[in-house]
Amino acid sequence: MASTVIKNWDNKTWLSSKDYIESFNNFLIKNIKINSNCKILDIGCGRGKILGSLRSKIKLKEKPLGIDIVNHKDRDKRINFKKINALNLSFRKDQKFDLILIKQTIHLMKFGEIKKLLKILKRSVNPKGKILIFTLDTGKNEIPTFKLMKYKLNKSLNRDKKILRIITDLYPQRIKKKFIFDVKIDKEKYLDMIKKRYISTLIPFSKKQLIEGIQEIKIKYSKVLRFKDKLICIIL
Ligand SMILES: C[S@@+](CC[C@H](N)C(=O)[O-])C[C@H]1O[C@@H](n2cnc3c(N)ncnc32)[C@H](O)[C@@H]1O
């Protein structure tokens, strides 16, 4: 699963909109102590827009580091970037971060890989630093779907529940929060996201399955889609 290549997740979707990024970064600032001296790492940063915008917002002195297995040409220039599999990360003993973000990336890894990654990251976080893991809310998800997509998404959310249990077993002191963003998007635009397989659930679908799903969404939803994009945030 780690080899799944997601290229359109934050490619001009609500997930890369100014509003979303602003609201996400406000959530970070509200929930953890961060200031301009912080050293920040983002695992699976995609195009790095969240990190770049965070750098401007809190006037980070040091460029935050984003890592990803995909190197996007239109990556945010306000960050340092390293193309690497998170599982192969290793840091010098004196290289510690105050904030490590893992946003909507952990579900792409095997259980053993998650344990391994968290171990590596725990070693690389300052004593007062935090690791924040964001993943889709497994309970009350509102992502617009077609039937087959819903089936696969639910399967993946059930797996996410197991991941959350593993993390809780490893770190019983963990704190749980929710980040909720109100999405309003034209159906046409959302269909385009589906065509581009924006979410990992859609990656293995055949062209035919995708076309049928698009037809289903055309019928099922009105011209403008409104829903809540809900994430669980685990703080370690
Ligand atoms: C769903 S996207 C989330 C992107 C970004 N964190 C966000 O929330 O906008 C998942 C990202 O994780 C990256 N990724 C998946 N497995 C990875 C791994 N083992 N190491 C580093 N990056 C990985 C993907 O390439 C993709 O950019």
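Read-outs throughout are calculated quantities, based only on the coordinates presented, and are distinct from any laboratory measurement. Predicted model, so just to flag it, every value in this text is computed and none were measured. Every residue, glycine among them, receives a Cβ derived from its backbone with ideal geometry; neighbour counts consider all protein chains shown.
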Among 116/147; 57/147; 116/218; 73/177; 39/196; 115/150, the pairs whose Cα-Cα distance exceeds 31 Å are 116/147; 57/147; 116/218; 73/177; 39/196
Exposure proxy check on 123, 47, 75: fewest-to-most Cβ neighbours within 10 Å is 123, 75, 47
Long-range amide H partners of residue 66, meaning residues 5 or more apart or on another chain whose placed amide H is closer than 5 Å, are 42, 80, 81, 82
hull vol. (C-alpha, convex hull) per residue for the chain, Å³ -> 117 Å³
Filtered hits (aspartates and glutamates, Cα-Cα < 14 Å from residue 63, offset >= 8 within chain) -> 42, 76, 98
Simple spin-label estimate for residue 5/residue 208, 7 Å along Cα→Cβ, in nm, reads 2.5 nm
Per-residue ellipticity at 222 nm attributable to helices in the chain (runs of n ≥ 4 DSSP H, -39500 (n - 2.57) apiece, nearest 500 deg cm²/dmol) works out to -11500 deg cm²/dmol
